[in-house]
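**Student:** Sharing a structure, written as structure tokens. Questions coming.
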Amino acid sequence: MVRFVLSRALKAVLTVWIAITSTFFLLRLLPGDPTTLMVEGDMTPEMQAALLKTYGLDRPLWEQYVSYLRELIQGNLGISFRQIQPVTDIILDRLPWTLLLAGCAFVLTVAVGIPIGVTAAVNRGKWLDRALQGFGISANALFVPSVAILLLVFFGAQLGWFPIGGAIDPDTRGTAAYLSLAHHLVLPVLSLVLVQLGPYALTLRTNMIEVLGEDYIRAAQARGLSARRRVWKHGLRNAILPALTLMGLQLGTLVGGAVLTETVFAYPGVGRLIYEAVGQQDYPVIQGAFIMLAVTVVFANALTDMLYAVLNPRIRL
Amino acid sequence: MAVKGRWRLAVALGVVAALGVSGCGLNEDNSSSGGTSSDAVLRIGTTTDVSNFNPLQSLSKTDSWILNAMYPHLLRIDENAQKAPELAKEYRYEDDGKTAVFVLRDDFRWTDGKPVVADDVKFSAEKIMEYKLGNVAAKLTWVESVEAPDPTTVTFKLSQPYAPFAEGVGFWMPIVPKHVFEPAGDLSKFPNDSNWVGAGPFVLESMTKGQRYVMKRNEHYPLAPEGKAAVSQVEYRVYPDVNTMMLALRNGDIDLMGTPVPVSAAKTFENDDKIKLAKVGALGFAHLTYNMKNEHLADQAVRQALSMSVDTKAIISAVLQGDGQQMAGPISPIFSEYDNTGIEPYPFDPEGAKAKLSAAGYRDANNDGFFDELSFGVTCDQSNANITRVVQLFRESAAQAGIKLENECVERNTFLTRTRNGEYDIDASQWGVFDNPMDQLRSTYLSSNPGGINYNLLESPEMDALINDAASTTDPEAFKAKIKNIDRVVHEQAYLTPLYVENFQFAYNASKFTGFIPSPSDLLGMVTAYSLAHVTPVK
């Protein structure tokens with residue numbers, strides 16, 4: 001088990017390094033540089049050169065890369081070009097909001113996706129299964145910003161049930177603040193869950209159908225185990241393994257979805273930070289945010305793999 | 001049971017994590033309380049967070065909305081795009097235009113009680129020059145020294161006369177408190193992100209990043225009718241998506257949109273009794289600019305023919321739904337004193353354009369309907385929906401004149417890089433803000449390309465001479481005549497085809513607030529210091 005964990009950790013570090021390197025070079029392959037967006041002011045070429053020097057962008061690429069890695073190892077993500085603040089501070093300021101949003105959406109997707117997938121599988125071919133499949137396929141085709149704006153228009157503007165954007169009413173304190181937080185969280189979470197739920201429930205349904213046809217389920221039936229116990233204990237434990245992998249992968253798309261969701265809902269997370277930083281070509285912020293997201297996704301996947309090993313001992317070989 | 005137990009544990013951990021995270025978020029809130037309905041809090045929608053609180057350095061439009069209300073300027077821009085007194089009561093030129101003298105009001109106070117004095121102005125200008133800060137540094141190019149002989153007089157000694165010097169510096173340069181900024185040392189690294197001291201009608205008090213910025217009223221602001229603003233607090237709330245911001249306005253979450261309402265969405269407010277739209281003209285304009293390094297575009301006949309192939313009236317009608325003004329030369333009608341009304345826009349006449357090109361020797365040897373050598377790419381920023389549509393219409397109408405155009409609209413950064421490097425035939429874009437015609441002509445036509453936006457890549461000694469001569473003319477009437485002459489020359493040469501001056505519409509909740517004094521363009525629009533100082537709650 002220790003060897004397994006070590007090998008997974010090493011792979012995770014390698015993946016993060018690849019992510020860091022490709023982010024670094026891809027950003028610099030973009031046309032223009034951070035001064036490009038400032039050319040419309042009265043910015044003379046001398047001022048642009050001075051700015052590039054301040055940013056360290058006048059140095060050879062490999063030199064910038066080595067210096068970036070050196071700083072990164074010391075936990076320094078650099079200083080934002082636009083905000084003149086350490087990137088680490090900027091990201092840590094926003095990270096809790098994204099974790100909250102993506103975390104809630106993730107938990108809810110799993111909590112709703114499992115019963116839907118299992119119910120559809122158990123009722124295979126019946127109207128309930130067909131309805132759930134229809135929902136899953138439709139949800140799969142949804143586009144986050146469109147769902148988000150529709151939810152806002154209907155539940156926010158028309159019915160007035162939920163606030164239009166923001167994460168919390170800054171004037172509230174104590175319990176009221178927590179309620180305000182939850183109130184603001186409903187629509188963004190819902191839009192993420194709606195988009196994520198389809199593939200998750202459909203995968204679980206397929207796995208479950210496969211598992212329910214296995215010999216050991218029939219054996220359990222022969223032993224006189226109740227249908228509930230057969231499905232939820234013996235069936236689900238095996239059907240959930242591939243779905244678990246999907247959950248790890250989905251965390252990546254969840255975070256990606258948060259960029260758009262947070263923008264539409266004016267939610268102050270890392271996703272919106274990326275949206276703003278890309279528009280300003282603020283390299284250190286984009287790099288920092290991407291590295292942080294890469295680490296999150298890699299960590300989640302490594303965790304999934306380990307959880308997989310716990311649930312299925314054959315993986316440890 | 002073991003599996004069930006593990007899942008329970010996982011769910012429990014998730015809930016704890018979520019609550020813990022939310023707890024962190026709540027603890028981060030460092031905003032003040034307040035904002036009860038009786039306090040007359042004006043809530044304004046902005047599109048992004050403040051990126052830089054140092055007004056000398058910030059280059060962001062949305063930053064300036066907040067910073068403009070905090071730090072005074074010598075001059076402001078009024079509804080008619082004229083410069084009006086703000087901190088400066090008046091200005092004059094001495095020494096044949098080589099010295100600009102500003103006389104300051106003596107009743108402005110910083111919020112810590114100290115008076116705003118000439119030394120603050122001198123300090124601000126000198127630091128901008130020393131560290132080459134923001135876009136004001138370019139406005140101070142001609143300054144040799146700044147003096148503050150007494151607390152209400154500032155003199156700028158110039159290396160040569162520059163007619164709109166005082167206007168440019170007066171409008172663009174924020175004045176910061178010397179006693180607060182000087183101890184910070186290197187101002188290029190000074191974030192100025194707490195304990196704000198300002199002298200505008202409102203000063204930042206707290207912020208919840210990503211959500212809102214709370215500004216408290218300055219109890220001593222001499223330009224407000226009652227000596228202080230009628231609104232006690234201004235709150236900026238961040239909505240990155242303009243559609244969400246519109247919903248927030250409709251829902252009563254905000255009272256004013258800082259950003260203009262898109263033309264296509266303005267109609268949606270028509271049936272709303274509470275929401276009103278205030279309309280202002282732009283300080284820039286949309287245009288097609290021809291790259292003079294292209295051998296055919298260097299031919300005046302081709303440029304004139306292209307100008308005759310653009311149906312600007314149809315463009316204004318289709319793209320702006322009629323909400324824009326036509327232009328003739330490069331000077332916007334908003335600068336009525338400088339706009340040469342004696343010149344007419346090129347008529348939309350594709351047949352006439354064809355005849356002109358034939359007369360100039362161009363031929364269609366292969367009979368494909370296009371002149372053989374006249375094929376150009378039109379580059380634009382595809383994130384600008386209006387300009388992208390213009391390029392489509394231009395392509396169709398130019399085809400009628402036998403000129404083949406390719407749509408080369410690209411992503412914004414690629415577009416800006418191409419324009420910077422001169423990699424285009426025709427540039428379709430929109431000038432942002434020109435606060436005076438002289439700065440515009442210098443930036444767009446001087447061979448030395450001081451602003452990097454001479455998109456024609458024009459290198460004409462004649463045009464350089466005309467511009468430099470006008471720039472050093474201190475007599476106002478002679479200066480206007482010279483600008484009008486350049487307007488005529490550019491029009492005759494058809495260096496560019498001006499398309500339209502857009503109108504911007506700002507939406508606000510008229511059932512709650514009134515008294516806004518909008519300024520032209522979307523640079524500050526409804527949220528100038530002067531406008532916010534005049535807003536009153538509806539009783």
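FYI, it's all coordinate maths here, none of it is from the lab. Here the structure is a predicted model, which is why all the values come from computation and not from measurement. Quick reminder, even Gly has a Cβ in these numbers, built from the backbone with ideal geometry, and neighbours come from all protein chains shown.
**Student:** Would you pull out the residues with amide H under 5 Å of residue B:284's amide H, same chain only if 5 or more places away, H placed 1.01 Å from N?
**Tutor:** B:434
**Student:** For a quick protection proxy, order the peptides B:292-298, B:116-122 by their average other-Cβ count within 10 Å, most packed first.
**Tutor:** B:116-122, B:292-298
**Student:** Given an 8 Å cut-off on Cα distances and at least 6 residues of separation, report the relative contact order of chain A as a percent.
**Tutor:** 27
**Student:** Rounded if a/c is under 1.5, else prolate if a/b beats b/c, else oblate: with a ≥ b ≥ c from the C-alpha gyration tensor eigenvalues square-rooted, which is the stretch A:93-237?
**Tutor:** prolate
**Student:** Then there is this: Could you state the per residue volume, in Å³, of the convex hull enclosing the Cα atoms of the protein assembly as shown?
**Tutor:** Spelled out: Cα convex hull of the protein assembly as shown, divided by residues, is 202 Å³.
**Student:** Does the stretch A:1-86 come out rounded, prolate or oblate by the C-alpha gyration tensor, with a ≥ b ≥ c the root eigenvalues, rounded set by a/c under 1.5 and, if not, prolate when a/b is larger than b/c and oblate if not?
**Tutor:** Taking the square roots of the gyration eigenvalues as a ≥ b ≥ c, the stretch A:1-86 is prolate.
**Student:** Please tell me the relative contact order of chain B in percent, rounded to the nearest whole number, where contacts are Cα pairs under 8 Å and at least six residues apart.
**Tutor:** That works out to 20 percent.
**Student:** Please find, in a Gaussian network model of chain A (springs between Cα atoms separated by less than 10 Å), the residue of A:145, A:284, A:115 whose mean-square fluctuation is greatest.
**Tutor:** Maximum among the listed residues: A:115.
**Student:** State the volume of the convex hull built on the alpha-carbon positions of the stretch A:135-214, expressed per residue in Å³ and rounded to an integer.
**Tutor:** Cα-based convex hull of the stretch A:135-214, divided per residue, equals 110 Å³.
**Student:** Residue by residue, what Karplus-based ³J(HN,Hα) values in Hz, rounded to whole numbers, does the stretch B:479-494 have, using 6.51, -1.76 and 1.60 with θ = phi - 60° and x for Gly and Pro?
**Tutor:** So the J values, rounded to whole Hz, are 4, 4, 4, 5, 5, 4, 5, 5, 3, 5, 4, 4, 5, 5, 6, 6.
**Student:** For chain A, with a Gaussian network of springs between Cα atoms less than 10 Å apart, report the residue from A:152, A:61, A:273 with the top mean-square fluctuation.
**Tutor:** A:61
**Student:** Counting partner chain Cβ atoms within 10 Å of every residue's Cβ in A:265-275, what's the average?
**Tutor:** Per residue, the average neighbour count from other chains is 4.
**Student:** Related question: To make sure I understand, if each residue's beta carbon is the centre and we count other beta carbons within 10 Å, what order do B:139, B:98 fall in, fewest to most?
**Tutor:** Ordered by Cβ neighbours within 10 Å, fewest first: B:98, B:139.
**Student:** Compute the helix-to-body angle for B:242-251: its Cα long axis versus the longest principal axis of chain B, expressed 0 to 90° and rounded to tens.
**Tutor:** Compared with the principal axis, the helix lies near 50 degrees.
**Student:** Sort B:325-333, B:270-278 by packing, meaning the average of other beta carbons within 10 Å per residue, with the highest value first.
**Tutor:** Ranking the peptides B:325-333, B:270-278 by packing returns B:325-333, B:270-278.
**Student:** Using Cα atoms only, what is the angle between the long axis of helix B:412-421 and the major principal axis of chain B, expressed in degrees (0 to 90) to the nearest 10?
**Tutor:** 50
**Student:** Just the number, please: percent antiparallel of the DSSP beta bridges in the stretch B:374-470, rounded to the nearest 5.
**Tutor:** Expressed as a percentage, antiparallel bridges in the stretch B:374-470 total about 0.
**Student:** Amide H to amide H under 5 Å from residue B:405: which residues, 5+ apart in sequence or cross-chain, H placed 1.01 Å off N in plane?
**Tutor:** Close amide H contacts, sequence-distant or interchain: B:376.
**Student:** Taking N as the number of residues in chain B, what is its alpha-carbon radius of gyration divided by 2.2 N^0.38 Å?
**Tutor:** Rounded to two decimals, the normalised Rg is 1.09.
**Student:** Using Cβ counts within 10 Å as a stand-in for footprinting exposure, how do A:79, A:73 rank, fewest first?
**Tutor:** A:73, A:79
**Student:** Provide the per-residue ³J(HN,Hα) series for the stretch A:135-140, in order, calculated from phi with Karplus coefficients 6.51, -1.76, 1.60 and θ = phi - 60°, each as a whole number of Hz, with x at glycine and proline positions.
**Tutor:** Result, ordered by residue: 5, x, 5, 5, 4, 4 Hz.
**Student:** By how many degrees, 0 to 90 and rounded to 10, does the Cα axis of helix B:2-28 deviate from the longest principal axis of chain B?
**Tutor:** Helix B:2-28 sits at roughly 80 degrees to that axis.
**Student:** For each of A:178, A:267, count neighbouring Cβ atoms within 10 Å of the residue's Cβ, then give the residues from fewest to most.
**Tutor:** The most exposed by this proxy come first: A:178, A:267.
**Student:** Amide H of residue B:108 versus every other amide H placed in the peptide plane: which residues, excluding those fewer than 5 positions away on the same chain, fall under 5 Å?
**Tutor:** Those qualifying (amide H under 5 Å, at least 5 residues apart or on another chain) are B:116.
**Student:** Need one word for the stretch B:408-539: rounded, prolate or oblate. Basis is the Cα gyration tensor (sqrt eigenvalues a ≥ b ≥ c); a/c below 1.5 gives rounded, then a/b vs b/c decides.
**Tutor:** oblate
**Student:** Let me ask something else. What 222 nm value per residue comes from the helices of chain A, counting each DSSP H run with n ≥ 4 as -39,500 (n - 2.57) and dividing by all residues, nearest 500 deg cm²/dmol?
**Tutor:** Helix-only estimate at 222 nm: -24500 deg cm²/dmol.
**Student:** While we're here: Using a Cα-Cα cut-off of under 25 Å, which lysines could be cross-linked to residue B:313, ignoring same-chain neighbours fewer than 8 residues away?
**Tutor:** Partners found: B:267, B:279, B:354, B:356, B:404, B:484.
**Student:** Taking Cα pairs under 8 Å and at least six residues apart, what relative contact order does the stretch A:1-86 come out at, in percent?
**Tutor:** 13
**Student:** Can you give the average number of partner chain beta-carbon atoms within 10 Å of each beta-carbon in peptide B:242-249, as a whole number?
**Tutor:** So the per-residue partner count for this stretch is 5.
**Student:** In whole Hz and in residue order, list the ³J(HN,Hα) couplings for the stretch A:172-188 that follow from phi through the Karplus curve 6.51 cos²θ - 1.76 cosθ + 1.60, θ = phi - 60°; x for Gly and Pro.
**Tutor:** Here the 3J(HN,Hα) series is 8, 9, x, 4, 4, 5, 5, 5, 4, 4, 5, 4, 6, 7, 4, 5, x Hz.
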